[in-house]
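Trainee: Next up is a structure, given as structure tokens.
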Ligand SMILES: Nc1ncnc2c1ncn2[C@@H]1O[C@H](COP(=O)(O)OP(=O)(O)OP(=O)(O)O)[C@@H](O)[C@H]1O
Ligand SMILES: [Mg+2]
């Protein structure tokens, strides 16, 4: 077994419960894009997956759920007049914070440096819940671009989603952190399954191998409430691709400006898988 996938010697202390009641059936299509380690590609995946799902005909909202260190605006080159910060402080209406992104989907941006929102206070909790409950019914899919790790703010935003898409890279540190995050989602949020996308894959097939290694560790060490092991669903791989960095440097959306590059093609495949397994599953 890959050493990177051994359970961390100091298992993460379970933070205080961050679970909120899911907003009923509206939660059906809320997908949290999250990760154990930071900087692995959550924002890149969220923005480009949103563009790819929009192209498939869905009404998509991306919510910048990384309240403390938001950077969706940077990737999309947007300079919003109204952010969640203004909504939370009562300076603006939520509707004014919903803006159109290049790619045709909607976004709500958090505004960076919202230090006061990096802690999960009852106010942050209820504001955030209110935003999701108000906006979710207007869209077919809501992607929550969350922060990394297992802080209570991150876990709270993930708890609002019906599906969790973990982004991990093949790096050992990313995999051990992904394991730790998945373990917390099983124990604290009582989740039975999470989905995995392997970003910056070096070779085709990397993702499948990583998924099955991680699954083996989960089978041994993580039992869900039902008594069954946590199930990891491999959703796809995105290759390491210089075009991604180029697009970020130019503040352009990869799916729009370089739709034929390997990473963009992989995102299109991921969107197809999200569509067929989550949004419009056969027999549903
Ligand atoms: N498939 C890829 N190929 C090459 N570079 C990539 C790829 N995916 C992401 N990157 C690089 O990694 C950087 C970080 O990505 P991104 O901002 O999406 O990560 P993040 O997980 O949202 O980070 P944070 O945890 O800080 O929110 C990007 O700016 C890009 O340069
Ligand atoms: Mg990010």
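The values are calculated or read from the model by the stated rules, or taken from the named source; none is laboratory data. All figures in this text were calculated on a predicted structure; none of them were measured in a lab. Cβ: placed from backbone, ideal geometry, glycine included. Neighbour counts: every protein chain shown.
Trainee: Looking at (1) within 16 Å of ligand 2 (Cβ to nearest atom); (2) modelled with pLDDT of 95 or more, find the lone condition where residue 240 falls short.
Mentor: Tallying (1) within 16 Å of ligand 2 (Cβ to nearest atom); (2) modelled with pLDDT of 95 or more, residue 240 fails exactly one: (1).
Trainee: Next up: How about the stretch 194-237: which of its residues are within 16 Å of ligand 2 (Cβ to nearest atom) and within 14 Å of residue 171 (Cβ to Cβ)? Don't jump to the end; show me each part of the working.
Mentor: We begin by selecting, within the stretch 194-237, every residue within 16 Å of ligand 2 (Cβ to nearest atom); these are 197, 199-200.
Listed by number, the residues that qualify are 199, 200.
Trainee: Yes or no: the stretch 169-177 includes at least one residue that is part of a loop (DSSP other than H, G, I, E, B), within 16 Å of ligand 2 (Cβ to nearest atom) and in contact with a helix residue (DSSP H, G or I) (Cβ under 6 Å, 6 or more places away or on another chain).
Mentor: No, the stretch 169-177 contains no residue that is part of a loop (DSSP other than H, G, I, E, B), within 16 Å of ligand 2 (Cβ to nearest atom) and in contact with a helix residue (DSSP H, G or I) (Cβ under 6 Å, 6 or more places away or on another chain).
Trainee: Does at least one position in the stretch 6-23 carry a residue that is modelled with pLDDT of 95 or more, farther than 20 Å from residue 198 by Cβ and in contact with a helix residue (DSSP H, G or I) (Cβ under 8 Å, 6 or more places away or on another chain)?
Mentor: no
Each row is one residue, and each column tells you yes or no for (1) within 16 Å of the chain's Cα centre (by Cα); (2) within 12 Å of ligand 1 (Cβ to nearest atom); (3) closer than 20 Å to residue 86 by Cβ.
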{"position": "100", "(1), (2), (3)": "no, no, yes"}
{"position": "103", "(1), (2), (3)": "no, no, no"}
{"position": "108", "(1), (2), (3)": "yes, no, yes"}
{"position": "149", "(1), (2), (3)": "yes, yes, no"}
{"position": "163", "(1), (2), (3)": "yes, no, no"}
{"position": "169", "(1), (2), (3)": "yes, yes, no"}
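Trainee: May I ask you to list the residues in the stretch 42-69 that are within 13 Å of the chain's Cα centre (by Cα), within 8 Å of ligand 2 (Cβ to nearest atom) and in a loop (DSSP other than H, G, I, E, B)?
Mentor: 66
Trainee: Give me the pairs: first residue in the stretch 31-43 and in contact (Cβ under 8 Å) with a residue 40 or more places away in the chain and closer than 17 Å to residue 108 by Cβ, second residue in a loop (DSSP other than H, G, I, E, B) and near ligand 2 (Cβ under 9 Å from one of its atoms), beta-carbon distance under 6 Å, and six or more apart or on different chains, which are they?
Mentor: Filtered contacts from the stretch 31-43: 43/71.
Trainee: Specify which of the listed residues (203, 195) is at pLDDT below 95 and not in a helix (DSSP H, G or I).
Mentor: Result of the check over 203, 195: 203.
Trainee: If you go through the stretch 232-266 one residue at a time, how many are under 27 Å from residue 184 (Cα atoms) and within 12 Å of ligand 1 (Cβ to nearest atom)?
Mentor: Going residue by residue through the stretch 232-266, those that are under 27 Å from residue 184 (Cα atoms) are 232-238.
From what is left, the residues that are within 12 Å of ligand 1 (Cβ to nearest atom) are 236-238.
Residues that pass the stated criteria total 3.
Trainee: Next question. Scan (1) at pLDDT below 90; (2) farther than 20 Å from residue 137 by Cα; (3) not in a loop (DSSP other than H, G, I, E, B) for the single condition residue 27 breaks and write down its number.
Mentor: (2)
Trainee: Collect the residues in the stretch 215-265 that are farther than 21 Å from residue 40 by Cβ, in contact with a strand residue (DSSP E or B) (Cβ under 6 Å, 6 or more places away or on another chain) and touching a residue at least 24 places away in the same chain (Cβ under 8 Å), keeping them in residue-number order.
Mentor: Within the stretch 215-265, 231 is the sole residue that qualifies.
Trainee: OK, next. With respect to residue 152, determine if the residue is surrounded by fewer than 22 Cβ atoms within 10 Å (Cβ to Cβ) and under 22 Å from residue 64 (Cβ atoms). Show your work before the answer.
Mentor: Numbers: surrounded by fewer than 22 Cβ atoms within 10 Å (Cβ to Cβ): yes; under 22 Å from residue 64 (Cβ atoms): yes.
Criteria met by residue 152.
Trainee: Given (1) at pLDDT 90 or above; (2) touching a strand residue (DSSP E or B) at 6+ places or on another chain (Cβ under 6 Å); (3) farther than 25 Å from residue 187 by Cα; (4) within 14 Å of ligand 1 (Cβ to nearest atom), where does residue 42 come up short, assuming only one miss?
Mentor: (3)
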